[in-house]
Amino acid sequence: MDMKIPEGGGKKIYSCNEGNSVHWDPPIKEFVEECKRTGYSARYVGSMVADIHRTLLYGGVFLYPADAKSKKGKLRCLYEGLPMAFLTEHACGSANTGYFKDKIRRILDVVPEDIHDKCPIIMGCDRDVNKLVEGITKWASDTTGYKAQ
């Protein structure tokens with residue numbers, strides 16, 4: 001079966017552990033608040049594979065961003081982030097780290113230095129990932145002088 005995220009982004013669903021929201025950077029908080037204001041449904045299983053599977057089937061976005069407590073995020077890059085990013089991009093979605101190690105990049109461009117290295121995760125339909133990455137890019141530019149490449 002050739003799985004594709006529904007055209008146009010599919011259902012308006014966001015999936016994240018909001019228990020960590022007090023530690024998120026402002027653009028992440030703002031994005032999730034906007035999701036709530038604009039009719040998105042919150043769906044979070046707490047298992048990355050299940051959450052990404054639902055995102056691939058129905059649309060929306062899954063995020064487990066870096067935060068003030070976990071600067072690298074909490075999910076392992078090599079055996080969580082990279083495989084799920086590969087599947088997400090193959091299904092015509094996007095997989096991004098957000099602002100991580102002074103860059104904003106695709107997860108598939110991250111090179112782990114250690115088997116257990118972690119990376120932030122923002123993945124799902126282009127509609128939602130691109131919107132969040134635009135907000136992160138503006139915030140990073142305003143606060144750190146980041147220049148998009």
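Whenever you get a sec, line up M123, M3 from highest to lowest accessible area (probe 1.4 Å, protein heavy atoms).
If we order M123, M3 from most to least accessible, we get M3, M123.
Seen from all sides and averaged, what is the projected area of the convex hull of the Cα atoms in the chain, in nm²?
8.5 nm²
Dipole of the range 1-132 (Lys/Arg Cβ +1, Asp/Glu Cβ -1, origin at the Cα centre): which of P112, S21, L57 lies farthest to the positive side?
The residue sitting most towards the positive pole is S21.
Relative contact order of the chain: what whole-number percent is it, with Cα pairs under 8 angstrom and at least 6 residues apart?
Relative contact order of the chain: 28 percent.
Find how many whole Å separate the alpha carbon centroid of the range 121-149 from the alpha carbon centroid of the range 1-47.
That distance is 15 Å.
Take T38 and D117, extend 7 Å from each Cα along the Cα→Cβ direction, and tell me the distance between the two endpoints in nm.
Simple spin-label model gives 3.3 nm for this pair.
Once neighbouring chains are kept in place and the probe is 1.4 Å, which whole percent of the accessible area of the chain is contributed by carbon and sulfur? Numbers along the way, then the final one.
Details: 4110 of 7840 Å².
Roughly 52 percent, rounded to a whole number.
What accessible area per residue comes out for the chain, rounded to a whole number of Å², with a 1.4 Å probe?
Details: 7840 Å² over 149 residues.
I get 53 Å² per residue for this part.
For the range 1-120, with only Lys/Arg (+1) and Asp/Glu (-1) charged at the beta-carbon, what is the dipole magnitude about the Cα centre, in debye rounded to 20?
With only Lys, Arg, Asp and Glu charged at Cβ, the dipole is about 220 debye.
Too long at a 25 Å Cα-Cα cut-off: which of K4/K72; K12/K69; K72/K147?
Going by Cα-Cα distance, K4/K72; K12/K69 fall outside the 25 Å limit.
May I ask you to compute the full-extension gain from C92 to A50, defined as 0.36 nm times their residue separation minus their alpha-carbon distance, rounded to one decimal in nm?
13.3 nm
The values are calculated or read from the model by the stated rules, or taken from the named source; none is laboratory data. Here the structure is a predicted model, which is why all the values come from computation and not from measurement. We place every Cβ from the backbone using ideal geometry, glycine too, and count neighbours over all the protein chains shown. The accessibility values were calculated without ligands, DNA or RNA, using every heavy atom of the protein model including side chains. Shrake-Rupley method; radii C 1.70, N 1.55, O 1.52, S 1.80 Å.
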